[in-house]
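Novice: Below you will find the structure I want to go over with you.
The values are calculated or read from the model by the stated rules, or taken from the named source; none is laboratory data. In this text, all values refer to a predicted model and were calculated from it rather than measured experimentally. All Cβ positions, even for glycine, are placed from backbone atoms using ideal geometry, and neighbour counts span all protein chains on display.
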Amino acid sequence: MAGIQEVYDLVVKGKAKKVGAAVTEALEAGCDPTEILNKGMIAAMDEVGAKFKNGEIFVPEMLVAAKAMKNGVELLKPHLASGVAGAAGKVIIGTVAGDLHDIGKNLVAMMLESSGFEVIDLGVDVPKEKFVEAYEANPDTKLICCSALLTTTMNAMKETVELLNASSFRGNIKVMVGGAPISQAFADEIGADAYTEDAASCAQKAKELAA
């Protein structure tokens, strides 16, 4: 439908200011809100993610697309059946202790939200115990994502994953790790379930793990 295609194009181009009007027009034209979300926005972010992976666009373009999507989702939320926004499940995310980087984490959080997850963002410099407390407060969480952007905080990530691995609820969750110095080998070594190298792959992997 024309309205949904317009929303799709605006999200891909990162036109955050215009998305709202396009969503309203699509709704007024009788488009189904869930279709606007899935075909207009989530599909658009999938394309943005693929372009990012292929090196056609970079982090700034990805951030503006995610921002456009966020604006669209805000408008769409009242029209969606309750729960659709978090239909894929709950995710806890945070940057590990000693690390104050949040651009990568925020991008991952936005991509996860745009994939239908409810995201509990613990912020930066998160002590390992706080990840456990967050799970205990939200026992329906499916994924815990830890980010580290400094080689010096890789140890904090290792300790966080070790604590999660030793917890009584370990069988109920999947642990994902990411960040510049992190590799698949490191993820395997510390006992994480998954490693992804960028936000787009993280959203894809999260959908597989939570399914």
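Novice: Go through Lys142, Lys130, Lys158 for me and flag whichever is more than 20 Å from Ala180 (Cβ to Cβ), of a type in the set (D, E, K, R) and in contact with a helix residue (DSSP H, G or I) (Cβ under 6 Å, 6 or more places away or on another chain).
Specialist: Numbers: Lys130 fails: in contact with a helix residue (DSSP H, G or I) (Cβ under 6 Å, 6 or more places away or on another chain); Lys158 fails: more than 20 Å from Ala180 (Cβ to Cβ).
Just a single option satisfies the conditions, and that option is Lys142.
Novice: Under the condition of being part of a loop (DSSP other than H, G, I, E, B) and aliphatic (A, V, I, L, M), which residue from the range 176-211 is modelled with the lowest pLDDT?
Specialist: Looking only at the range 176-211, we keep the residues that are part of a loop (DSSP other than H, G, I, E, B), and these are 179-183, 191-193, 196-198, 211.
Among the residues that remain, those that are also aliphatic (A, V, I, L, M) are: 180, 182, 192, 211.
Values: Ala180: 88, Ile182: 96, Ala192: 98, Ala211: 85.
Among them, the one singled out is Ala211.
Novice: Can you go through Ala22, Ala87 and tell me which one is surrounded by fewer than 17 Cβ atoms within 10 Å (Cβ to Cβ) and either among the acidic types (Asp, Glu) or in contact (Cβ under 8 Å) with a residue 24 or more places away in the chain (or both)? Steps first, please.
Specialist: Working: Ala22 fails: surrounded by fewer than 17 Cβ atoms within 10 Å (Cβ to Cβ).
Among Ala22, Ala87, only Ala87 is surrounded by fewer than 17 Cβ atoms within 10 Å (Cβ to Cβ) and either among the acidic types (Asp, Glu) or in contact (Cβ under 8 Å) with a residue 24 or more places away in the chain (or both).
Novice: Answer yes or no as to whether Ile36 is β-branched (Val, Ile, Thr) and outside any helix (DSSP H, G or I). So that I can check it myself, show each step before the final result.
Specialist: On the way: β-branched (Val, Ile, Thr): yes; outside any helix (DSSP H, G or I): no.
It is false that Ile36 is β-branched (Val, Ile, Thr) and outside any helix (DSSP H, G or I).
Novice: Can you name the residue in the range 144-173 that is in a strand (DSSP E or B) and touching a Phe, Trp or Tyr at 6+ places or on another chain (Cβ under 8 Å) and, of all such residues, is farthest from Leu107 (Cα to Cα)? Let's see the steps before the verdict.
Specialist: From the range 144-173, those in a strand (DSSP E or B) are 144-147; that's our starting set.
When the remaining residues are screened for being touching a Phe, Trp or Tyr at 6+ places or on another chain (Cβ under 8 Å), the result is 144, 146.
On the way: Ile144: 16, Cys146: 13 Å.
Of everything passing the filter in the range 144-173, Ile144 is farthest from Leu107 (Cα to Cα).
Quick grid of which residues meet (1) in contact (Cβ under 8 Å) with a residue 24 or more places away in the chain; (2) surrounded by fewer than 18 Cβ atoms within 10 Å (Cβ to Cβ):
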| site | (1), (2) |
| --- | --- |
| Asp121 | yes, no |
| Phe131 | yes, no |
| Phe169 | yes, yes |
| Pro181 | yes, yes |
| Gln184 | no, yes |
| Asp188 | no, yes |
| Ala194 | no, no |
| Lys207 | yes, yes |
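Novice: Of the residues Leu76, Leu80, Leu107, only one is surrounded by 23 or more Cβ atoms within 10 Å (Cβ to Cβ), touching a helix residue (DSSP H, G or I) at 6+ places or on another chain (Cβ under 8 Å), at pLDDT below 90 and closer than 30 Å to Thr24 by Cα; which? So that I can check it myself, show each step before the final result.
Specialist: Details: Leu80 fails: surrounded by 23 or more Cβ atoms within 10 Å (Cβ to Cβ); Leu107 fails: surrounded by 23 or more Cβ atoms within 10 Å (Cβ to Cβ).
Only one candidate passes the filter, namely Leu76.
Novice: Moving on to the next point. Name the residues in the range 91-121 that are among the acidic types (Asp, Glu) and not in a strand (DSSP E or B), would you?
Specialist: If we filter the range 91-121 for residues that are among the acidic types (Asp, Glu), which is where we start, we get 99, 102, 113, 118, 121.
Hits for the range 91-121 are Asp99, Asp102, Glu113.
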